[in-house]
1. Working only within the stretch 188-228, note down all residues that are outside any helix (DSSP H, G or I) and more than 27 Å from residue 153 (Cβ to Cβ).
2. In the list 358, 331, 347, which residue meets the criterion of being of a type in the set (D, E, K, R), in contact with a strand residue (DSSP E or B) (Cβ under 6 Å, 6 or more places away or on another chain) and either outside any helix (DSSP H, G or I) or at pLDDT 75 or above (or both)?
3. Please specify each residue of the stretch 371-385 satisfying the condition of being in contact (Cβ under 8 Å) with a residue 40 or more places away in the chain and not in a helix (DSSP H, G or I).
4. Mind counting the residues in the stretch 525-539 that are touching a residue at least 24 places away in the same chain (Cβ under 8 Å) and under 32 Å from the mean Cα position of the chain (by Cα)?
5. Whether any residue in the stretch 431-442 is in contact (Cβ under 8 Å) with a residue 40 or more places away in the chain, surrounded by 15 or more Cβ atoms within 10 Å (Cβ to Cβ), more than 15 Å from residue 462 (Cα to Cα) and not polar (S, T, N, Q) is what I want to check.
6. Hey, any hits in the stretch 150-168 for a residue that's within 35 Å of the chain's Cα centre (by Cα), buried (at least 22 other Cβ atoms within 10 Å of the Cβ), outside any helix (DSSP H, G or I) and among the small types (Gly, Ala, Ser)?
7. Please go through the stretch 415-430 and pick out each residue that is over 40 Å from the mean Cα position of the chain (by Cα) and either within 23 Å of residue 450 (Cα to Cα) or in contact (Cβ under 8 Å) with a residue 60 or more places away in the chain (or both).
8. Report yes if some residue within the stretch 187-196 is farther than 24 Å from residue 88 by Cα, surrounded by fewer than 17 Cβ atoms within 10 Å (Cβ to Cβ), of a type outside the set (Gly, Ala, Ser) and not assigned by TED's automatic domain parsing to the domain that holds residue 121; otherwise report no.
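The values are calculated or read from the model by the stated rules, or taken from the named source; none is laboratory data. Just so it is clear, the model here is predicted, and its values are computed rather than measured. Using ideal geometry, Cβ is built from the backbone for each residue, glycine included, and neighbour counts are taken over all protein chains shown.
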Amino acid sequence: MTYFVTGATGFIGRHLLAKLLLRKGTIYCLVRKESMARFDELANALGAGKDRLVAVPGDLGKPRLGVTPATLARLTGKIKHFFHLAALYDLAADEASQVTANIDGTRNAIALAEALKAGCFHHTSSIAAAGLYPGVFREDMFKEAEGLDNAYFRTKHESEGIVRAECTRPWRIYRPGIVIGDSTTGEIDKIDGPYYFFRLIKRMRQVLPPWMPTIGLEGGRINLVPVDWVAAAMDHIAHQPKLDGHCFHLTDPAPRRIGEVLNIFARAGHAPQMTMRLDARMFAFVPGAVRQALSSLPPVRRMVNMFLRDFGIPAEVMKFVNYPTRFDTRETERALRGSKIKLPKLETYAWRLWDYWERHLDPDLFIDRSLSGKVRRRVVVVTGGSSGIGKAVSLKLAAAGAKLVICARGADELAATKKEVEDAGGVCHTYVVDLADLGSCDAFVKQVLDEHGAVDVLVNNAGRSIRRAIASSYDRFHDFERTMQLNYFGSLRLIMGLLPRMAERHRGHIINISSIGVLTNAPRFSAYVASKAALDAFSRCAQAEYSDQGINFTTINMPLVKTPMIAPTKMYDSVPTLSPDEAADLVVEAIIERPVRIATRTGIFAQLFYSLAPRAYEIVMNTAFRLFPDSAAAKGIKGVRAEAQQGPSTEQVAFAALMRGVHW
């Protein structure tokens, strides 16, 4: 038996070839000249010799697909089955391209099939040919299609109409649903359909624990079918007798709603599931004119476009959230009866699709995520850069090729860090600055701008922490003043000094090292948390003003880190902490990703807990307050040596481990 296949190197085509190769006969494949190497790779992968898979040079946009007269003469009368799969499957493609591929290509394929006197013309259409028909679309329906405004829907409908009206050879039409990856391997060649939402699912996994309930949309029913099942069904139906002139829906007879599908993939990706799903149809009561007016507002457009851009979701896809069409499959079921070709349930292979996407197609894999790609030959300022987190960050930045600028109060520590950086081949400029002195801040800003021209990244890392209960601070108002002076006013002074030049250049990134305490409302740290909260609030306000000027603000709600700042509190020797190097990795992530906020799951959970049940959260924090007493130093008791103090109790260690990274 002899076959002719267009689109053989495409996604469905490759799988169909594998099925046809199990039968006897030669398969001729239309291949563009620029795709010959790809065809050879496919033939090798399928283990097919040149006597089984034969490339026929041609082009979809040319009459009779550009097949030469010699080839035409050689194959006339020999082709038993002509499979036309070549088409443009892209909702976002321009109309001219879709007309050329889907309409002109189909007409040219029919002309070739007739010239070859092919036995049967097998046309691969799509459920898109039904448009947005409201209700059940049967396999014998065609002209009833509605809602064909989208170019893809319209061209798929018209191409199928050409087969029905112009093809004089026997024909069969196949309408696959949204074709997803192979159910046995997970393989797919491009992002489409539900895959557009995988980045959103991954982002949810990164910021929330998998057991956290979330809210999402229910949406319409989305018809998904794996490519291996589509190819197997087409191959079987094509070889069954007495089915010419019929159309077959290669679809799921019981499709799931979008919310259900996303939850299946959320489980596959170990991400939180949408426990509460809102039916998108509930918003239909809003008059169309009102919806149109709201969507036309500049802030709404910017917000929607930003969301879609960040997650790589084409705007066209969102128009089909309430997809209204169901597909009858009686003809297909009748043709497949007794074949043992069964449509697998999505939940049995969703994990394979997710795994393949995450390993091969996740757009994040193709982004330059190296620190050097963000900071090489750029000026990066790190305050408190001579010790702790600041030093660890500085060493990583210098190794990545940044023009490093660090400041601190201690000249000796700065000199030691500078030597370590330069010994490793980096560049480091040091400045002795007291960030609690606003005059010193101003002088530092002027000197940096004069000597380096501009600052690309500012890391506000220097800070002071005080662990003392409010009851022990009635006569220590200066604790609040000096903490605010350094943590808030010092950082703010640098920001205000560097922002004008960043705004002029429409480029800049300000990273503020905040605390998990801002999210957890940690007791005994009222002075420290208040100062960091002030900086957080300023950053949120500033981002709103500078978001359209190329300037980014990132707040890192840093968990407990083992640095000299926490050394006086000996209890912290027995609780989970980050190392300075691990903390520096969060800063590196901020520089590369430029997110609005970086926080641990514990911090995010605490913030949500407080928002949803503030009284219950208050009880938890009060319990912690009573469980972790003030140190002798905080109580003003002198002469008590640290090693003589009582070690942490089992309850304290357990509580600290449960609330990992929180200051107590």
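1. Step one: filter the stretch 188-228 for residues outside any helix (DSSP H, G or I), giving 188-192, 208-226.
Answer for the stretch 188-228, where residues must be outside any helix (DSSP H, G or I) and more than 27 Å from residue 153 (Cβ to Cβ): 208, 209, 210, 211, 212, 213, 214, 215.
2. Only one candidate qualifies: 331.
3. Scanning the stretch 371-385 gives 378, 379, 380, 381, 382, 383, 384, 385.
4. Result for the stretch 525-539: 6.
5. Scanning the stretch 431-442, I find no residue that is in contact (Cβ under 8 Å) with a residue 40 or more places away in the chain, surrounded by 15 or more Cβ atoms within 10 Å (Cβ to Cβ), more than 15 Å from residue 462 (Cα to Cα) and not polar (S, T, N, Q), so the answer is no.
6. Checking the stretch 150-168: not a single residue is within 35 Å of the chain's Cα centre (by Cα), buried (at least 22 other Cβ atoms within 10 Å of the Cβ), outside any helix (DSSP H, G or I) and among the small types (Gly, Ala, Ser).
7. 415
8. no
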